[in-house]
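Reading through the structure tokens given below for one structure.
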Amino acid sequence: MPTSTACIMPESKKTGRKSKAGAAAEVKPPVYEENIPEPTTRAELLKYWLPVSLDDRTAQKLLWISEGASKVARMSEESVCPYLDRPERYDHTPQVLCKEGVWGIRGYWEVEFTGWVVIGVTYEGVGRKAQDGPCGLGENDGSWGVGWAGSCYQAWHDGENVEIPGPLCSVIGLYLDQPAGIMNFYILLDGEEGEGKKEVKLLHRYKVSFKERLLPGFWVGRNSFCRIQKKVE
């Protein structure tokens with residue numbers, strides 16, 4: 001996976017109060033059912049949509065968080081966000097995690113990206129400081145990630161990568177069935193029906209016996225961004 005030497009800067013945001021009447025209802029994935037067919041179409045994957053949002057407490061200081069905690073961008077090396085130091089924050093790796101974890105459920109989410117990024121998941125307990133060793137997605141045995149490498153995709157795990165041929169697509173989908181140990185990465189392509197309909201193509205698959213709670217995350221290179229997509233109704 002790409003090796004980083006810089007930080008990232010997030011954008012400060014204000015948190016407004018919400019009344020009970022105006023609070024949005026929490027969206028939860030379906031109750032986990034065993035021994036059902038694995039989803040193969042986008043329509044089937046969307047049944048397991050998991051709303052995820054960026055956790056600015058984990059963002060490295062060269063990353064900017066904006067758009068209601070759905071977008072992370074990295075500008076220049078001089079543009080540093082005045083984040084407070086926290087134990088859960090990445091201090092060296094230009095990475096940010098999501099608030100929502102995956103354990104005991106199936107979940108699916110989609111991410112738009114531009115530039116040099118890695119999209120994936122990590123165990124919650126994997127180290128985030130320079131002294132902890134490689135912290136980037138796919139650089140250790142507790143994380144997995146996929147990104148565009150300029151002429152192909154690369155899937156990363158435990159410091160090793162696999163090159164995957166395929167067209168550049170601006171949206172990657174990630175399906176995770178934690179109890180079954182299934183992690184699938186997809187790209188979104190125009191469907192045969194047209195009219196803006198999208199379909200998925202399997203990019204890479206991991207079969208893993210997951211040991212602990214998983215958090216979605218993003219490694220972001222210079223002049224790049226990721227945006228978590230909203231569910232298509």
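Surface composition of the chain: carbon and sulfur atoms hold 50% of the protein heavy-atom accessible area at a 1.4 Å probe.
Computed from label points 7 Å out along Cα-Cβ, the spacing between ASP158 and SER53 is 3.6 nm. Build a GNM of the chain with springs between Cα atoms under 10 Å apart, and of GLU78, GLU112, GLU100 the one that fluctuates most is GLU78. The stretch between ASP91 and GLU212 holds 41.3 nm of extra length on full extension. This uses 0.36 nm per residue minus the Cα-Cα distance. Within the listed set PRO179, PRO94, PRO134, the Gaussian network model of the chain (springs between alpha-carbon atoms below 10 Å) gives the highest mean-square fluctuation for PRO179.
Across TYR32, TYR108, the residue with the most accessible area heads the list, and the full order at a 1.4 Å probe is TYR32, TYR108. Quick one: Cα centre-to-centre distance for region 91-138 and region 178-223, in angstrom? Region 91-138 and region 178-223 have Cα centres spaced 13 Å from each other. Per-residue ellipticity at 222 nm computed for the chain from its helices equals -500 deg cm²/dmol, with DSSP H segments shorter than 4 residues left out and the rest contributing -39,500 (n - 2.57). Say we join alpha carbon atoms closer than 10 Å with springs in a Gaussian network model of the chain; which of ASP85, ASP132, ASP177 then has the biggest fluctuation? Sorting by GNM fluctuation, first place goes to ASP132. With r as the distance between the Cβ atoms of SER151 and VAL31 and R0 = 30 Å, compute the FRET efficiency 1/(1 + (r/R0)^6) and round to 0.05. The calculated FRET efficiency here is 0.10. In units of the rule-of-thumb radius 2.2 N^0.38 Å, region 43-164 shows an alpha carbon radius of gyration of 1.07. The residues of the chain present an accessible area of 52 Å² per residue when probed at 1.4 Å with all protein chains retained.
Within region 88-156, the proportion of C-alpha pairs whose separation exceeds 16 Å stands at 52%.
Taking 37 °C and 0.692 mPa s as conditions, the chain diffuses translationally at an estimated 182 µm²/s according to Stokes-Einstein applied to its Kirkwood radius (Cα pairs).
Taking every C-alpha pair closer than 8 Å and separated by at least 6 residues, the mean separation divided by the residue count of the chain gives a relative contact order of 25 percent. Label positions at ASN223 and GLU192, each projected 7 Å from the Cα along the C-beta direction, are separated by 4.0 nm. For region 123-233, dividing the convex hull volume of the Cα atoms by the residue count gives 137 Å³ per residue. Could you calculate the FRET efficiency of TRP103 with GLU44 from 1/(1 + (r/R0)^6), where r is the beta carbon distance between them and R0 is 22 Å, rounded to 0.05? Efficiency, rounded to the nearest 0.05: 0.50.
The values are calculated or read from the model by the stated rules, or taken from the named source; none is laboratory data. Please read all numbers here as calculations on a predicted model, not as lab measurements. Cβ atoms come from the backbone with ideal geometry, glycine included; neighbour counts cover every protein chain shown. For the accessible areas, the whole protein counts, side chains as well, though only heavy atoms, and no ligand, DNA or RNA atoms are used. Shrake-Rupley method; radii C 1.70, N 1.55, O 1.52, S 1.80 Å.
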